[in-house]
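Right, one structure below, let's go through it.
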């Protein structure tokens, strides 16, 4: 009975794994890349190529009047986003008007008219399945639910199938089984967090549409539009006033806000009724000692009188709604909004370990099917598709870096062309994998192309921005320098692995070998 149960458990693990391999591998691979989304965005946008500001002190007081009058900003609610590790610029905006970006070192207005972070946005779309119209996010959610079963079945197999795996002889298959198991078990806590939150984002939000339609009498399908005004209630605008009063400097008000909230890290500043006698300033952000609960959806805030700094209101964390705290924790666990480089690197390593584990899991099944003549056509087709997804994802993501600076920013449909090139590249790689007999050659070509594209992308970036890797190092543009450096290191590493691949690598997956089976 125990052997029978293990047999069906392995079969269930295999079938669900095959369903999840393509969708969840794509989500995991691009999800790993978007841990570095803020830094990729730095590299994409020339206006972010700014020398590191050692001590930004809200020094825009002298410039704010000029900005408000020059750009005819509404004084009802002026929002200011100070520099952060995600964006070194100062952002000033009001409702229904284009944002203005300043260099924090000299308050120079930056030209951002043609800029768009196409690479990081498309990586995000691929991670969530938004590139598949209507059902993409739902499919990714279903794949996340499937991975929950894989986690449970993997634990059961680890507990009840130890004796059998120890009897396996040394072979490539044994190596794949060992590391599929070891890596999979190692990252279970990490994986569990992301599949739970991913299933919520993908399935729950998609299936909420009928309930939203019913609740709004068929007027609305978006759950956020219905719930947001209740859970995320915004501060109301103040009454109009004609009396002009000179406010305290923003830097002074910031210091007063920090006195009342010592651990507050300010992410947004809202000035209501700018330079009027009833003007107020709202400082909102997260607490440095409680980032998870005070994340994007549960920001802590304090409202001060603009001309004397008295406190009008202050958010107490204990008084915030439990739903907001839960959503903030949920958002934090999946997106790491306020975490800097160290945590992102750790999660990236776990993400790559997941991708490797999924790849080994597929190879275990695929090699077993090679000896089954009845499923030759199907397994051969699937091998080529899945291996193109696994290896081709590297090549296709590399071409996005390459084309971002190859296609001029002024080109109005740049994002569509980049996406088109991405899909053409994937389709071409797939066709080549069907044409080429040797799997080792297919993998080598993919890796060589990836290496060349990333290497060239770094120098295209330098040519187009006039900031080469040595310039960013000399001028202390730390993030830009490190992104260029890491792309070169990845390029070199991929080239090294491509050189090491022998013609006999995965030779059992070659056409000729399969035809002899």
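The values are calculated or read from the model by the stated rules, or taken from the named source; none is laboratory data. Since this is a predicted model, take the numbers as computed values, not measurements. Note that each Cβ is placed from the backbone with ideal geometry, even for glycine, and that neighbours are counted across all protein chains shown.
Whether any residue in the stretch 327-337 is under 22 Å from residue 104 (Cβ atoms) and part of a loop (DSSP other than H, G, I, E, B) is what I want to check. Yes.
Restricted to helices (runs of 4 or more DSSP H) entirely inside the stretch 417-517, those with at least 2 residues that are surrounded by fewer than 20 Cβ atoms within 10 Å (Cβ to Cβ), touching a residue at least 12 places away in the same chain (Cβ under 8 Å) and in contact with a helix residue (DSSP H, G or I) (Cβ under 8 Å, 6 or more places away or on another chain) are 439-465, 478-500, 511-516. Against the test of being closer than 30 Å to residue 61 by Cβ and at pLDDT 90 or above, the options 357, 284 yield a single qualifying residue, 284. Filtering 317, 327 for residues that are in contact (Cβ under 8 Å) with a residue 40 or more places away in the chain and in the same structural domain as residue 258 (by TED's automatic domain parsing) leaves a single hit, 327. When you scan the stretch 375-387, do you find a residue that is in the same structural domain as residue 509 (by TED's automatic domain parsing), in contact with a helix residue (DSSP H, G or I) (Cβ under 9 Å, 6 or more places away or on another chain), within 24 Å of residue 491 (Cβ to Cβ) and not in a loop (DSSP other than H, G, I, E, B), even just one? The answer is yes; a qualifying residue exists.
Taken over the stretch 108-135, the residue count meeting the criterion of being out of contact with any helix residue (DSSP H, G or I) (no Cβ under 7 Å at 6 or more places or on another chain) and part of a helix (DSSP H, G or I) is 2.
Taking the numbered list (1) closer than 28 Å to residue 487 by Cα; (2) within 18 Å of the chain's Cα centre (by Cα) in turn, residue 144 passes all entries but (1).
Do the conditions hold for residue 50, that is, is it crowded, with 16+ Cβ neighbours inside 10 Å, modelled with pLDDT of 85 or more, more than 25 Å from residue 190 (Cα to Cα) and in contact with a helix residue (DSSP H, G or I) (Cβ under 7 Å, 6 or more places away or on another chain)? No; evaluated as a whole, the condition is false for this residue. All told, residue 109 meets the bar of being surrounded by fewer than 18 Cβ atoms within 10 Å (Cβ to Cβ) and in contact with a strand residue (DSSP E or B) (Cβ under 7 Å, 6 or more places away or on another chain). Of the strands (runs of 3 or more DSSP E) that lie entirely inside the stretch 214-326, those containing 3 or more residues that are within 21 Å of residue 338 (Cα to Cα) span 264-272, 280-287, 300-305.
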